[in-house]
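The values are calculated or read from the model by the stated rules, or taken from the named source; none is laboratory data. As the structure is a computational prediction, the values presented were derived from the model and not from experiment. Ideal geometry is used to build each Cβ from the backbone, glycine not excepted, and the neighbour counts take in all protein chains shown. Each accessible area value is taken on the protein alone, full model and side chains, heavy atoms only, with ligands, DNA and RNA left out. Shrake-Rupley method; radii C 1.70, N 1.55, O 1.52, S 1.80 Å.
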Amino acid sequence: VFSRSASHLDGSEAQFVVTSQVNHPDGIAVDWIARNLYWTDTGTDRIEVTRLNGSMRKILISEELDEPRAIVLDPAAGYMYWTDWGEVPKIERATLDGTERLVLVNTSLGWPNGLALDYSERKIYWGDAKTDVIEVMQMDGSGRRVLVDDNLPHIFGFTLLGDYIYWTDWQRRSIERVHKHSLEREVIVDQLPDLMGIKATYVHKTFGMNPCALANGGCSHLCLYKPQGVSCACPIGLELMADLTTSPTSFLLFSQKTAINRMVIDELQSPDIMLPIHSLRNVRAIDYDPLDRQLYWIDSKQNAIRRAQEDGNQSETVVSGASLGLQPYDLSIDVYSRFIYWTSEVTNVINVTRIDGSRVGVVLRGEHDKPRAIVVNPERGYMYFTNLQERSPKIERAALDGTEREVLFFSNLGKPVALAVDNELGKLFWVDMDLRRIESSDLSGANRIVIEDSNILQPVGLTVFGNFLYWIDRQQQMIERIDKITREGRTKIQARIASLSDIHAVHELRMEEYNKHPCTSDNGGCSHICIVKGDGSTRCSCPVHLVLLQDELSCGEPPTCSPEQFSCVSGEVDCIPQAWRCDGFAECDDSSDERDCPVCSEEEFQCDSKQCVDFSLRCNGEINCQDRSDENKCEVLCPMDQFTCANGQCIGRHKKCDHNTDCTDNSDEIGCYATEEPSFPPTNTIGSIVGVLMLLFVVGAVYFVCQRVLCPRMKDDGETMTNDFVVHGPPPVPLGYVPHPGSLSGSLPGMSRGKSVIGSLSIMGGSSGPPYDRAHVTGASSSSSSSTKGSYFPPILNPPPSPATVRSQYTMEFGYSSNSPSTHRSYSYRPYSYRHFAPPTTPCSTDVCDSDYTPGRRAPHASSAAAKGYTSDLNYDSEPPPPPPTPRSQYLSAEENCESCPPSPYTERSYSHHLYPPPPSPCTDSS
């Protein structure tokens with residue numbers, strides 16, 4: 001810790017003059033007329049002044065100083081001179097109040113360490129430790145020349161007394177002198193270690209006079225003389241106002257680890273001063289109450305929020321985090337409601353405490369929330385905070401009671417560490433430590449732009465003051481600013497300030513505007529939280545552990561509801577199911593279940609009533625929102641083979657107008673039968689019944705004719721047919737042959753290649769199987785590998801008999817030989833039935849056997865049937881449904897209308913694993 005001290009010439013009565021905020025003082029000079037003390041500080045890069053007793057301290061120059069070192073005064077003329085050995089070495093001059101700066105020399109300089117004035121000859125002498133010379137010039141900067149340029153290893157201290165120039169040399173460890181005219185040199189003292197500065201003065205002789213010598217020039221505090229006359233100045237913290245001195249009302253505060261400083265942004269005022277606040281151990285965040293003129297800060301070592309007056313008096317603890325097990329992180333003051341909003345690293349919540357230290361409660365908490373930086377905007381009723389969740393940092397906004405919460409930014413964020421609100425522009429500013437940039441947006445989160453992103457290393461604080469945006473960089477130890485509108489004019493305000501932690505702008509509180517705020521008078525009548533609304537009115541609210549009572553002013557304990565219930569804020573209804581919350585209908589008397597509805601997540605759809613439902617339920621044909629908004633404006637495109645319901649649901653096209661409600665909105669049955677009456681069956685249904693009766697009559701007649709006339713004649717010729725039968729392809733398999741189960745691993749004759757017997761046996765399904773599929777007509781495949789249809793036979797109902805078979809070859813039972821008369825069973829034909837669809841055609845009916853079954857066309861040769869397969873014609877009107885198809889047989893040859901019909905699947909050996917034998921053929925003998 002550096003300080004300025006004073007004592008008598010004999011060293012007695014030594015005392016400290018300046019002890020605070022002195023970093024690395026290098027030069028010192030006394031104004032013996034005005035009784036002021038000047039010094040340079042190469043640590044803070046400033047030139048300051050105070051009274052000789054250390055009072056009334058003021059910073060004169062703090063900008064464009066790099067490494068100020070030596071300083072000398074000319075009180076009679078009103079000037080001071082100093083050297084700067086920074087990147088651009090120079091010798092400057094200014095008036096004693098720090099104004100009218102002028103660079104006298106800035107060329108051919110290295111380390112101008114020493115400086116001395118010759119008041120009688122009006123000359124300036126200096127020594128340079130890098131160029132190793134002693135030079136001289138007139139006080140106006142003219143007539144520069146070298147005085148000594150040899151054997152000067154390292155000049156440091158430098159002074160003039162009479163005709164001699166004295167200096168100290170670090171390397172030679174000596175004190176030497178030279179005559180300013182004859183240039184005679186001599187060593188005064190040799191081999192003295194640790195030599196630093198040197199000063200020679202007349203004890204009983206002074207030079208010059210100025211008005212400050214009489215009654216302090218008429219000034220109440222500092223009298224700073226300059227060529228134009230007396231300049232009265234105020235020390236840090238006071239302003240000169242028409243013979244009165246008052247404290248400034250607008251200024252900047254910035255904190256270091258163990259200090260809090262104030263900076264007045266005015267060239268006529270002191271740039272900054274360290275406030276006399278003691279026992280600061282680790283200052284993390286600061287704020288200011290302009291009404292009571294008190295400073296608030298968070299000390300992370302003490303885990304407390306403390307406050308004090310500007311002069312350091314009335315220092316006290318407001319919130320003791322140590323006793324509550326908390327660790328305050330950041331704070332912001334609502335000056336109108338007299339509340340302190342602060343975040344905690346331990347509990348990860350936003351707390352509210354009154355100015356007097358009494359607790360209000362928690363206003364925001366979440367399972368995964370980590371609120372850190374916070375700033376309140378009570379003029380508009382909002383607070384802004386950073387939420388540093390792992391891997392997903394956010395900047396959010398909420399009402400002052402934690403409701404109306406919304407995420408403003410969640411992308412392109414690294415670690416936002418500080419926020420600032422500008423109500424004049426309606427802007428939100430933030431600084432990101434990881435991305436090393438400053439950004440801004442509207443208060444609603446719109447119009448996001450980058451303010452500055454170059455040469456920012458470790459930003460930790462941000463604030464808005466006037467037309468500028470100020471920020472602090474801990475690594476660069478600097479305070480900088482930039483124009484908040486044009487984003488130009490970036491300027492370094494202060495440098496070499498170690499351990500910077502926060503910065504805050506204090507604006508003048510205009511009492512007229514303060515009294516207009518509705519929450520200033522008795523907190524708006526609210527027992528806890530007063531929030532101003534957009535129309536200027538107020539609403540009262542409560543922390544999370546309390547609810548607003550029926551008077552809408554006071555907070556009380558909430559009703560006891562189960563976790564599955566929602567607690568109404570007020571009214572006779574206390575608890576309702578959580579499912580009723582934000583469903584578009586108010587069940588609570590005060591409609592609190594429909595207020596402050598949560599923002600739906602990305603995986604949810606928000607109904608018009610603010611209800612949240614899973615996004616997969618959107619436009620699914622079912623109403624999930626209470627207000628039906630999840631099924632509005634749906635653009636659903638159903639496949640070509642499906643019908644689109646009025647609500648967007650897709651159903652099979654065959655379900656349209658089937659007298660069954662398949663669409664949830666019944667639109668598949670609307671407008672189907674324009675002439676039908678509710679009490680009578682449809683006309684087409686009656687026609688269908690009549691058609692079925694006629695069909696049964698015709699089938700019966702045909703059967704009777706076949707049994708009595710046709711079949712006996714075919715029976716008489718049966719032996720001839722058998723002798724003339726020609727076999728093509730592999731030898732036939734006896735119809736009564738029952739294979740061993742182990743032999744079923746290969747393919748069977750009459751089936752497509754590559755099909756196992758297990759797959760082929762699927763055609764033998766019983767009556768419990770599904771109806772026919774027109775895409776898989778029985779008999780649509782032969783043993784030829786070129787067939788592309790019917791390679792898979794679906795389970796069928798009892799197939800009709802084939803006219804090309806005889807009873808002895810057709811009647812059989814599973815596990816017995818077909819020639820056993822006791823195995824004969826007769827099964828009635830089960831007609832094809834599929835709802836509202838015509839049955840497939842039969843390629844080998846009892847009358848014709850065409851390979852393609854194209855009306856009016858027969859296949860020229862039987863082999864073409866196997867190659868082409870079969871096609872079905874479903875264009876039936878009122879004709880009776882024919883029986884399912886029967887595959888061609890390679891064992892029997894028809895005589896006329898049945899050319900080489902393939903055998904029924906039940907006559908192949910694949911039938912041997914079916915549980916039921918086929919029905920008898922109408923062409924077999926009934927006996």
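What to note about this one:
- Unmet criterion (only one of (1) farther than 30 Å from ARG262 by Cα; (2) in a strand (DSSP E or B)) for VAL376: (1)
- Residue match in segment 208-218 (condition: at pLDDT below 85, surrounded by fewer than 16 Cβ atoms within 10 Å (Cβ to Cβ) and part of a loop (DSSP other than H, G, I, E, B)): yes
- Qualifying residues in segment 237-276 (those that are among the hydrophobic types (A, V, I, L, M, F, W, C) and open to solvent by 50 Å² or more (accessible area, probe 1.4 Å)) - the one modelled with the highest pLDDT: ILE265
- Of note, GLY162 does not satisfy the criterion of being modelled with pLDDT under 90 and touching a Gly at 6+ places or on another chain (Cβ under 7 Å).
- Residue match in segment 427-441 (condition: surrounded by fewer than 17 Cβ atoms within 10 Å (Cβ to Cβ) and either under 18 Å from PRO543 (Cβ atoms) or in contact with a strand residue (DSSP E or B) (Cβ under 8 Å, 6 or more places away or on another chain) (or both)): no
- Residues (on the phi > 0 side of the Ramachandran plot and either surrounded by fewer than 16 Cβ atoms within 10 Å (Cβ to Cβ) or β-branched (Val, Ile, Thr) (or both)) located in segment 277-322: SER279, ARG293, GLY312, GLN314
- Considering residues of segment 160-186 that are open to solvent by 30 Å² or more (accessible area, probe 1.4 Å) and among the polar types (S, T, N, Q) only, the residue nearest to TRP111 (Cα to Cα): GLN171
- Segment 295-308 - residue that is part of a strand (DSSP E or B) and not small (Gly, Ala, Ser) and, of those, farthest from ASP356 (Cα to Cα): ASP299
- Among (1) among the small types (Gly, Ala, Ser); (2) over 21 Å from ALA579 (Cα atoms); (3) within 25 Å of the chain's Cα centre (by Cα), the one test that SER616 misses: (2)
- Under the condition of being part of a strand (DSSP E or B) and open to solvent by 20 Å² or more (accessible area, probe 1.4 Å), the residues counted in segment 17-38 number 5.
- Criterion: modelled with pLDDT under 85 and in a helix (DSSP H, G or I) - qualifying residue of ASP590, ASP630: ASP630
- Among the residues of segment 191-207, those identified as surrounded by fewer than 15 Cβ atoms within 10 Å (Cβ to Cβ) and not β-branched (Val, Ile, Thr) are GLN191, LEU192, PRO193, ASP194, MET196, LYS199, ALA200, TYR202, HIS204, LYS205, PHE207.
- For ASN666, the conditions (1) at pLDDT below 85; (2) of a type outside the set (D, E, K, R); (3) under 60 Å from the mean Cα position of the chain (by Cα) all hold with the exception of (1).
- Cβ pairs under 6 Å, 6+ apart, first in segment 694-713 and at pLDDT 75 or above, second surrounded by 11 or more Cβ atoms within 10 Å (Cβ to Cβ) and of a type outside the set (A, V, I, L, M, F, W, C): LEU695/PRO880; TYR703/PRO922
- Of all residues in segment 351-379, those that are of a type in the set (Gly, Ala, Ser) have Cβ atoms under 7 Å from Cβ atoms of residues that are in a loop (DSSP other than H, G, I, E, B) and open to solvent by 10 Å² or more (accessible area, probe 1.4 Å), 6 or more apart or on another chain, in GLY361/VAL544; GLY361/HIS545; GLY361/LEU546.
- Some residue of segment 171-179 being in a helix (DSSP H, G or I) and touching a strand residue (DSSP E or B) at 6+ places or on another chain (Cβ under 7 Å): no
- ASP292 in a loop (DSSP other than H, G, I, E, B) and closer than 30 Å to MET56 by Cβ: yes
- Test: residue in segment 580-597 that is over 31 Å from the mean Cα position of the chain (by Cα), open to solvent by less than 40 Å² (accessible area, probe 1.4 Å) and among the small types (Gly, Ala, Ser): no
- The set of residues from segment 489-515 being in contact with a strand residue (DSSP E or B) (Cβ under 7 Å, 6 or more places away or on another chain), more than 21 Å from SER250 (Cα to Cα) and either without any contact (Cβ under 8 Å) to a residue 40 or more places away in the chain or assigned to a loop (DSSP other than H, G, I, E, B) (or both) comprises GLY489, ARG490, ILE497, ALA498, SER499.
- Considering each residue of segment 540-547 in turn, none proves to be among the small types (Gly, Ala, Ser), surrounded by 12 or more Cβ atoms within 10 Å (Cβ to Cβ) and out of contact with any Asp or Glu (no Cβ under 9 Å at 6 or more places or on another chain).
- Selection status of VAL573, of a type in the set (Val, Ile, Thr) and either open to solvent by less than 40 Å² (accessible area, probe 1.4 Å) or in contact (Cβ under 8 Å) with a residue 60 or more places away in the chain (or both): no
- Enumeration of residues in segment 329-350 that are outside any loop (DSSP other than H, G, I, E, B) and either open to solvent by 20 Å² or more (accessible area, probe 1.4 Å) or touching a residue at least 40 places away in the same chain (Cβ under 8 Å) (or both): TYR329, ASP330, LEU331, SER332, ILE333, ASP334, PHE339, ILE340, TYR341, TRP342, THR343, ILE350
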